[in-house]
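Engineer: Before I ask anything, let me first share the structure, which is written out below as C-alpha cells.
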2 protein chains.
Amino acid sequence: MQGLVGQGLTGQNRGNGPASPPEHPVQTGLTIDSLPADSALDGRGPLFDQIKRAVAGQILRGRWQAGQRLPNEAELSSLYGVSRQTVHKAIALLAREGFLVRRRRAGTFVATGRRDRFALPIEDIGDVVAREGRVYEFRIRDRRSLRNGEGIRWPDLPDGTPILALECLHFSDGTPIQHERRLVNLDVVPEVVDESFDVVAPSRWLVDRVPWSSADHTVRAVNATAEMAALLGVEAGAACLSIRRQTMHLSRPVTLVHFLSVGDRFTLSGSSITDSATELNL
Amino acid sequence: MQGLVGQGLTGQNRGNGPASPPEHPVQTGLTIDSLPADSALDGRGPLFDQIKRAVAGQILRGRWQAGQRLPNEAELSSLYGVSRQTVHKAIALLAREGFLVRRRRAGTFVATGRRDRFALPIEDIGDVVAREGRVYEFRIRDRRSLRNGEGIRWPDLPDGTPILALECLHFSDGTPIQHERRLVNLDVVPEVVDESFDVVAPSRWLVDRVPWSSADHTVRAVNATAEMAALLGVEAGAACLSIRRQTMHLSRPVTLVHFLSVGDRFTLSGSSITDSATELNL
DNA sequence: TCGGAGATAATGTATGTACATAATCTTTCG
DNA sequence: CGAAAGATTATGTACATACATTATCTCCGA
C-alpha cells in the first residue's frame with residue numbers, strides 16, 4: 001500500500017464557479033501601473049496557485065524586473081480581489097522557491113539572485129541502466145571489515161571506527177560501465193555486516209535503509225589507470241567520469257563512495273526546472 | 001541571527017487558555033504510541049517550524065518508518081497543543097519538501113520514495129575561479145552571426161532561425177581551464193548582437209539578463225582532441241569534463257552551450273542538503 | 001547636523017471558522 | 001453476493017482577525 005507515487009494534487013479546471021473575483025473595486029490609484037491583460041487570474045486551480053502563476057508570469061516575461069519592488073500584500077489583495085492571507089500564501093511560496101525576496105517593512109522584491117542555480121540530479125546506476133531498457137548486473141569484487149586507519153583512511157571519520165570496505169563492478173548488458181569503491185560506517189549501520197549483497201546492490205541497499213540529511217559530491221574527469229582500464233574493458237588512459245560522494249546522517253558520516261565510469265558509456269544528465277515553472281507550465 | 005537563542009518567542013505551548021480546543025478527552029487508545037520525550041517541541045522559532053523539526057526528527061531518527069501513517073491533523077494538533085492550521089502548515093510544508101505523502105481521507109504517510117535525489121549544483125566558471133581567490137579572465141576567440149542550418153545546426157531550433165555563435169576560453173591565473181562554444185537564439189535575445197563581451201562573459205551576461213525556466217544538462221568525460229589539447233595547454237588525450245547545457249524560456253530555446261574543462265583543473269562539486277535538514281540542523 | 005526616540009509600514013505567525021474535495025467505509029437494495 | 005448509493009473522514013482552500021516582528025522613516029532636540 002505504500003506504493004503511492006506522484007501525488008496527484010491540483011484541483012482541475014473547474015469553470016471558476018464559486019466566488020470568482022468578478023467586479024472588485026479595483027482601487028484605481030496605486031503603485032504599479034494597473035496590470036495588463038495577461039496579469040489576470042486564469043481560473044485554473046486554487047486561488048493561491050493562480051496568483052503564483054500570475055506573479056511568476058510577470059517576472060518570467062520580464063515585465064517585473066529583477067530588484068523591482070512588488071505591490072504590497074494589501075495592494076495585491078485588492079488587485080486580485082482575494083484576501084491578504086491568500087496573497088500571502090502565494091507570495092511566501094514564491095519567496096521560498098527563490099523568485100522573490102521579502103523584507104519586513106521594506107517590501108517584496110524580485111530576486112536579483114541570478115537564477116544560476118543549475119542542479120544536476122545524480123541517479124542510481126541501476127535505475128539508469130534499467131530505464132534504458134538494458135540488463136543491469138553487479139558483482140562484488142572485494143569485501144573487508146576493518147578499522148579506520150588500518151590501510152584505508154576515511155578522513156572525516158575518527159581513526160579506529162569500524163568500517164566495511166566494498167569494491168564492486170556494475171554492468172549494462174554485460175558490459176562493465178562503472179567501478180565502485182565504498183566505505184560504510186559500521187557504527188551507524190551495523191546491520192550491513194549481515195547483508196550479503198547477493199541481490200541488492202550496496203548503493204540501493206543503503207539508500208533504501210538509511211535516511212541521509214546531506215551529501216557532498218565531487219565530479220571530475222580522469223584518465224583510466226591501467227588497472228581500472230583492465231577492469232572496465234577500455235584502453236589505459238580512456239577518459240572516465242569520477243564521482244565521489246559522502247553522505248551524512250545527523251552529522252555522522254554514513255558512507256563514502258567513489259564511482260568511476262567509462263566516459264563514453266555513462267553520462268550524467270538531467271533537467272533542472274525552476275520549481276515554480278513546473279507548476280506554472282510556462 | 002545565530003546570536004543567543006534569546007528572543008522570547010512567544011506563544012509557548014498548551015496551558016494558555018484562550019479558546020483552546022474544547023478539551024476533548026485525549027483519545028487514549030490510538031495510532032501512534034504516545035510520543036517519547038524527544039518528540040516535544042523545542043521552543044526555538046515559530047511553532048510551525050518546531051513542529052516540522054519534531055516530525056522530521058521522528059522520521060530521520062527512524063522512529064517513524066517509511067510508509068507508516070502519521071496521526072491526523074486533529075490528533076497532532078491536540079498532541080502538540082496548537083491549532084490545526086499550524087499543524088497543517090508544518091505538515092504541508094514537509095509534504096512539499098518530499099518527506100511526507102498526503103492523501104485525502106486516507107491520511108499522511110512517511111514518504112517511501114527513496115531520498116536519492118542527489119543534486120549537483122553547476123556554477124558559473126567565473127564565480128568558481130573568483131571564490132578560489134584566483135584571477136579570472138576570458139577571451140572571445142570567435143563570433144559569428146548566422147542562420148541555423150548554415151554550417152551549424154542547433155537541433156531543437158527550426159532551420160533558418162538567426163543565431164549568434166561564440167567561442168571563448170576561460171582562464172584561472174592565466175592558465176586556460178575551460179573552453180566554451182555557445183549558440184544564442186537571436187529571436188529570443190536580439191540585444192546580444194550589440195554586446196561586445198569586452199567586460200562581461202557571455203554566460204554571465206545571459207544569466208543576468210534572460211530568465212530561464214528550464215535547463216537540460218549532460219555531463220560526460222572525454223579525451224581531449226589535439227586541437228582542444230593545444231588550446232587548453234594539455235597533452236592530447238587528457239581527460240576533460242564536458243558539459244552541455246541548453247536553457248529554455250517559455251518553451252523556446254535560449255542558448256546551447258558546450259563547456260570543455262581540463263579534468264585536473266576543474267571539478268564539479270557541491271553538497272545537496274535535504275531542504276528540511278537545512279532548517280532542522282539535524 | 002547628528003543622533004536617538006518613537007511612529008509607521010510592511011511582512012510573519014497563530015487561531016477560528018467554514019466549506020470544498022476526495023477517498024474510503026458502510027449500508028442498502030437488486 | 002455484489003454493486004450502487006450514501007455517510008464519513010481526512011486533507012485542502014479561503015477568509016477574517018489579531019497581534020508580533022522589523023526595518024525604515026520622521027521628527028525632535030542637543
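Engineer: Tell me which of these A:ALA226 doesn't satisfy, since it passes every other one: (1) under 18 Å from B:ASN223 (Cβ atoms); (2) among the aliphatic types (A, V, I, L, M); (3) in contact (Cβ under 8 Å) with a residue 24 or more places away in the chain; (4) open to solvent by 20 Å² or more (accessible area, probe 1.4 Å).
Structural biologist: (3)
Engineer: Take segment A:52-74 and flag every residue that is more than 14 Å from every other protein chain (Cβ to nearest Cβ) and surrounded by fewer than 16 Cβ atoms within 10 Å (Cβ to Cβ).
Structural biologist: A:ARG69, A:ASN72, A:ALA74
Engineer: Follow-up question, since we're still on this one. Considering each of B:VAL101, B:VAL188, B:VAL184 in turn, give the residue that is out of contact with any Lys or Arg (no Cβ under 9 Å at 6 or more places or on another chain) and either touching a residue at least 60 places away in the same chain (Cβ under 8 Å) or more than 30 Å from B:ARG63 (Cβ to Cβ) (or both).
Structural biologist: Testing whether each residue is out of contact with any Lys or Arg (no Cβ under 9 Å at 6 or more places or on another chain) and either touching a residue at least 60 places away in the same chain (Cβ under 8 Å) or more than 30 Å from B:ARG63 (Cβ to Cβ) (or both) leaves just B:VAL184.
Engineer: Can you pull out every residue in segment B:191-217 that is closer than 25 Å to A:PHE266 by Cβ and either surrounded by fewer than 16 Cβ atoms within 10 Å (Cβ to Cβ) or of a type outside the set (Ser, Thr, Tyr) (or both)?
Structural biologist: B:ALA215, B:ASP216, B:HIS217
Engineer: Is it the case that segment A:154-161 has a residue that's surrounded by fewer than 19 Cβ atoms within 10 Å (Cβ to Cβ), part of a loop (DSSP other than H, G, I, E, B), touching a residue at least 60 places away in the same chain (Cβ under 8 Å) and within 14 Å of chain B (Cβ to nearest Cβ)?
Structural biologist: Yes, segment A:154-161 contains at least one residue that is surrounded by fewer than 19 Cβ atoms within 10 Å (Cβ to Cβ), part of a loop (DSSP other than H, G, I, E, B), touching a residue at least 60 places away in the same chain (Cβ under 8 Å) and within 14 Å of chain B (Cβ to nearest Cβ).
Engineer: What number of residues within segment B:73-111 are touching a helix residue (DSSP H, G or I) at 6+ places or on another chain (Cβ under 9 Å), farther than 13 Å from B:VAL55 by Cβ and either in a loop (DSSP other than H, G, I, E, B) or more than 12 Å from DNA strand C (Cβ to nearest atom) (or both)?
Structural biologist: 3
Engineer: Continuing with the same structure: Of everything in segment B:75-92, what is surrounded by fewer than 21 Cβ atoms within 10 Å (Cβ to Cβ) and within 29 Å of B:PHE118 (Cα to Cα)? Give them in sequence order.
Structural biologist: B:HIS88, B:LYS89, B:ALA92
Engineer: Here's another thing I want to ask about it. Output the residue which, of all residues in segment B:229-251 that are of a type in the set (D, E, K, R) and more than 8 Å from chain A (Cβ to nearest Cβ), is surrounded by the most Cβ atoms within 10 Å (Cβ to Cβ).
Structural biologist: B:ARG244
Engineer: Let me ask another. Sort out which residues of segment A:47-72 are more than 13 Å from DNA strand D (Cβ to nearest atom) and part of a helix (DSSP H, G or I), and write them in order of number.
Structural biologist: A:VAL55, A:ALA56, A:GLY57, A:GLN58, A:ILE59, A:LEU60
Engineer: Please go through segment B:105-133 and give me each residue that is more than 14 Å from chain A (Cβ to nearest Cβ) and surrounded by fewer than 15 Cβ atoms within 10 Å (Cβ to Cβ), ordered by number.
Structural biologist: B:GLU132, B:GLY133
Engineer: Within segment B:172-192, is there a residue that is within 10 Å of chain A (Cβ to nearest Cβ) and either on the phi > 0 side of the Ramachandran plot or not aromatic (Phe, Trp, Tyr) (or both)?
Structural biologist: No, segment B:172-192 contains no residue that is within 10 Å of chain A (Cβ to nearest Cβ) and either on the phi > 0 side of the Ramachandran plot or not aromatic (Phe, Trp, Tyr) (or both).
Engineer: Could you list all residues from segment A:52-75 that are of a type in the set (Lys, Arg), more than 27 Å from the chain's Cα centre (by Cα) and at pLDDT below 95?
Structural biologist: The answer is A:ARG63, and nothing else.
Engineer: A further question follows. Within segment A:173-202, how many residues are under 25 Å from the mean Cα position of the chain (by Cα) and either farther than 25 Å from A:ALA224 by Cβ or in a strand (DSSP E or B) (or both)?
Structural biologist: Here the count works out to 12.
The values are calculated or read from the model by the stated rules, or taken from the named source; none is laboratory data. Being a predicted model, the structure only gives us computed values, none of them experimental. Cβ: placed from backbone, ideal geometry, glycine included. Neighbour counts: every protein chain shown. Each accessible area value is taken on the protein alone, full model and side chains, heavy atoms only, with ligands, DNA and RNA left out. Shrake-Rupley method; radii C 1.70, N 1.55, O 1.52, S 1.80 Å.
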